[in-house]
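Single-structure report; data block below.
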Amino acid sequence: MAMIEVENLTRKYRDRVAIDALNFKIEEGDIVGFLGPNGAGKSTTMKILTGFMPPTSGKARVAGFDLFEHPLEAKRRIGYLPETPPLYTELTVHGYLKFVAELKGVPGSKIKSEIERVATGTGIVPELGRLTGVLSKGYRQRVGIAQAMLGDPALLILDEPTEGLDPRQRKEVLELIKSLAGKHTVVLSTHILSEVKAICQKVLIIHRGKIVADDTMAAITGGKETGLEDKFIQLTAE
Amino acid sequence: MRTIFAILKKELTSHLTTLWAWVVFTVMALLISIFFVQSIGMFSQVQDAARSDPGGWSALPADLQMYRNLTDGVMLPLWNVVLVVTLFVAPFLSMRLFAEERSKKTLELLLTVPIRPVEIVIGKYLGGLMVFILTLSVTLVFPVILSLIGNSESGSALEWRTVGLGYLSMLLWGGALVAIGMFVSSMTESQMVAAFVTFAIGLAWMILPSMGSKLGEPVRSALDYLAVDRQLQYLVKGVLDLKPIVFFGSVVAFFVLLTHRSVEAQRWT
């Protein structure tokens, strides 16, 4: 079954076209790398897919629910890490996760175990008592991912989850995402190709608001070591 | 319901971690105590004068008759001060509500979890209102002091019903300002701009009647109807008047609705 279905999705900011009639499908359980140069329309697409922003025209469905006709049903199935982790700096990590769990409608009796689960998964258990405002960038990112995982949504949409992390933190976050495979569908955007190569089975490349590649990793690289880089540079050339 | 409560609770916790919360509590307590002490001084002077005059209370001019009891002599003048202080503090209580969400990019979280925007707006308004109630309750110490040390021939030193309706009046005025402030806050990323604009609107509202007196009908009657002190004139004196409750209630509902529209509209830009 398709987890995400996008039909003719278009978004304009005044007269600038950010994304232009996108069409793609993402199957359940896939880990998909969403690639593109800066400003290609990655964040815009993700903001629409999470129901934050309505499209100018076109349709987007998550697990069969149209994001703007049945927003609550669709949003219940989505965990989202925006470009900037949406932290309330005055709350502790635990207080913050509890607040998000309540917003997501996690039953009161399950909140405690749910926080434990996501905190263990993202390796932030020792930080639960600290204020989110004093965390390092790597930990903020992890709290952001933990927040997205709360309520066990079927689909995780992660906008540049490794941005600003040091190499070791990158590796840890990637391993964390990889461990979600099978149980979750994951869409992650990045412009670091090696990360995509390491964990994604499918690749979507967007350039100037249009999808220029939508295929499996194997088909895109053609088995070559530098296949993804070559293809990316070729497709996103002027 | 549960999400509204979650947002209310979070607003309250967050607010109490800000410096502004405690500055506002202090300003409220400080200003009201100064006027309280002054009022008490005046009250005891007039009481002494009435006792030493052979004619008693009937010998004193009409404008001093209010000092016959603590409720009219001390609490009533205090409300005028609370009304003005509220105009100054309410903008600082409401400025955070949406401006901070926008500047910290957390609005993106609120709008992507499975809740309706109207729940966010109501939760936030109730959070702001609770903060105002907390600020207002700082002043509860004054009627409590009066009832402990004061005495009267009729038994209770204070008419609690009148005091209660006085508090309700302040709550209506403060609640309306918080709603206006929330709306202004939803349109800017800057908390300072939000506070300033809210204050300007509140100030204009407060001085409306004095501007209207020079104008002809029907503008004058209309402005007169909108005037804060005119709306509250009976309620503060202890008459259960429904008109101001409906009036301020409508103002709150109107601005809550506008905030909802404004939050929705921002998703399109």
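Is one or more of the residues making up the stretch B:119-126 more than 21 Å from A:Thr89 (Cα to Cα), without any contact (Cβ under 8 Å) to a residue 60 or more places away in the chain and away from chain A (no Cβ under 14 Å)? Checked the stretch B:119-126: no residue is more than 21 Å from A:Thr89 (Cα to Cα), without any contact (Cβ under 8 Å) to a residue 60 or more places away in the chain and away from chain A (no Cβ under 14 Å). For A:Gly58, the criteria (1) crowded, with 23+ Cβ neighbours inside 10 Å; (2) over 30 Å from A:Thr221 (Cα atoms); (3) touching a Ser or Thr at 6+ places or on another chain (Cβ under 7 Å); (4) more than 10 Å from every other protein chain (Cβ to nearest Cβ) hold in every case but one, which is (1). The residues of the stretch A:99-158 that are under 16 Å from the mean Cα position of the chain (by Cα), not in a helix (DSSP H, G or I) and not aliphatic (A, V, I, L, M), listed by number, are A:Gly151, A:Asp152, A:Pro153.
In the stretch A:78-92, the count of residues that are farther than 16 Å from A:Ile177 by Cα and assigned to a helix (DSSP H, G or I) is zero. Selection over the stretch A:20-36 of residues that are on the phi < 0 side of the Ramachandran plot, open to solvent by 30 Å² or more (accessible area, probe 1.4 Å) and not acidic (Asp, Glu) gives a count of 2. Looking at (1) open to solvent by 50 Å² or more (accessible area, probe 1.4 Å); (2) in contact with a strand residue (DSSP E or B) (Cβ under 8 Å, 6 or more places away or on another chain), find the lone condition where B:Leu70 falls short. So B:Leu70 meets the others, but not (1).
Across the stretch A:181-204, which residue is surrounded by the fewest Cβ atoms within 10 Å (Cβ to Cβ) among those that are part of a helix (DSSP H, G or I) and in contact (Cβ under 8 Å) with a residue 60 or more places away in the chain?
It comes out as A:Leu193.
Condition first: in contact (Cβ under 8 Å) with a residue 60 or more places away in the chain, of a type in the set (Gly, Ala, Ser) and out of contact with any Leu (no Cβ under 7 Å at 6 or more places or on another chain). Can you find one or more residues in the stretch B:202-216 that meet it? Scanning the stretch B:202-216, I find no residue that is in contact (Cβ under 8 Å) with a residue 60 or more places away in the chain, of a type in the set (Gly, Ala, Ser) and out of contact with any Leu (no Cβ under 7 Å at 6 or more places or on another chain), so the answer is no. Within the stretch A:157-167, the set of residues being open to solvent by 10 Å² or more (accessible area, probe 1.4 Å) and either of a type outside the set (A, V, I, L, M, F, W, C) or under 25 Å from A:Asp214 (Cα atoms) (or both) comprises A:Glu160, A:Glu163, A:Gly164, A:Asp166, A:Pro167.
Please work out if B:Leu165 is in a helix (DSSP H, G or I), open to solvent by 10 Å² or more (accessible area, probe 1.4 Å) and modelled with pLDDT under 90. When the stated conditions are applied, B:Leu165 does not pass them. Go through the residues of the stretch A:168-180 one by one and say whether even a single one is part of a strand (DSSP E or B) and open to solvent by 20 Å² or more (accessible area, probe 1.4 Å). No, that holds for no residue.
Table: residues versus (1) more than 14 Å from chain A (Cβ to nearest Cβ); (2) in contact with a strand residue (DSSP E or B) (Cβ under 8 Å, 6 or more places away or on another chain); (3) surrounded by fewer than 14 Cβ atoms within 10 Å (Cβ to Cβ).
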{"residue": "B:Ile4", "(1), (2), (3)": "no, no, no"}
{"residue": "B:Leu8", "(1), (2), (3)": "no, no, no"}
{"residue": "B:Glu11", "(1), (2), (3)": "no, no, no"}
{"residue": "B:Ser14", "(1), (2), (3)": "no, no, no"}
{"residue": "B:Val23", "(1), (2), (3)": "yes, no, yes"}
{"residue": "B:Leu30", "(1), (2), (3)": "yes, no, yes"}
{"residue": "B:Val37", "(1), (2), (3)": "yes, no, yes"}
{"residue": "B:Met42", "(1), (2), (3)": "yes, no, no"}
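Close contacts from the stretch B:1-28, counting a first residue that is more than 11 Å from B:Ile120 (Cα to Cα) and a second that is of a type in the set (Ser, Thr, Tyr) and open to solvent by less than 60 Å² (accessible area, probe 1.4 Å), with Cβ to Cβ under 7 Å and a gap of 6+ residues or different chains, come to B:Ser14/A:Tyr88; B:Val24/B:Thr135; B:Phe25/B:Thr135; B:Met28/B:Thr135; B:Met28/B:Thr139. Kindly check whether there is at least one residue in the stretch B:185-195 that is assigned to a helix (DSSP H, G or I) and either among the charged types (D, E, K, R) or within 19 Å of B:Val81 (Cβ to Cβ) (or both). No, that holds for no residue.
Of A:Glu69, A:Glu73, A:Glu83, which residue is surrounded by 15 or more Cβ atoms within 10 Å (Cβ to Cβ), within 16 Å of B:Pro114 (Cβ to Cβ) and of a type in the set (Asp, Glu)? The unique qualifying residue is A:Glu73.
Does any residue in the stretch B:246-269 that is open to solvent by 60 Å² or more (accessible area, probe 1.4 Å) come within less than 8 Å, Cβ to Cβ, of a residue that is in a helix (DSSP H, G or I) six or more places away or on a different chain, and which pairs are these? Close Cβ pairs satisfying both conditions: B:Phe254/B:Ala179. Of all residues in the stretch A:124-139, those that are open to solvent by 60 Å² or more (accessible area, probe 1.4 Å) have Cβ atoms under 8 Å from Cβ atoms of residues that are of a type in the set (S, T, N, Q) and assigned to a loop (DSSP other than H, G, I, E, B), 6 or more apart or on another chain, in A:Leu131/A:Thr89.
The values are calculated or read from the model by the stated rules, or taken from the named source; none is laboratory data. What you see is a predicted model; the values in this text were computed from it and never measured. Using ideal geometry, Cβ is built from the backbone for each residue, glycine included, and neighbour counts are taken over all protein chains shown. In case anyone asks, the SASA skips ligands and DNA or RNA and just uses the protein heavy atoms, side chains included. Shrake-Rupley method; radii C 1.70, N 1.55, O 1.52, S 1.80 Å.
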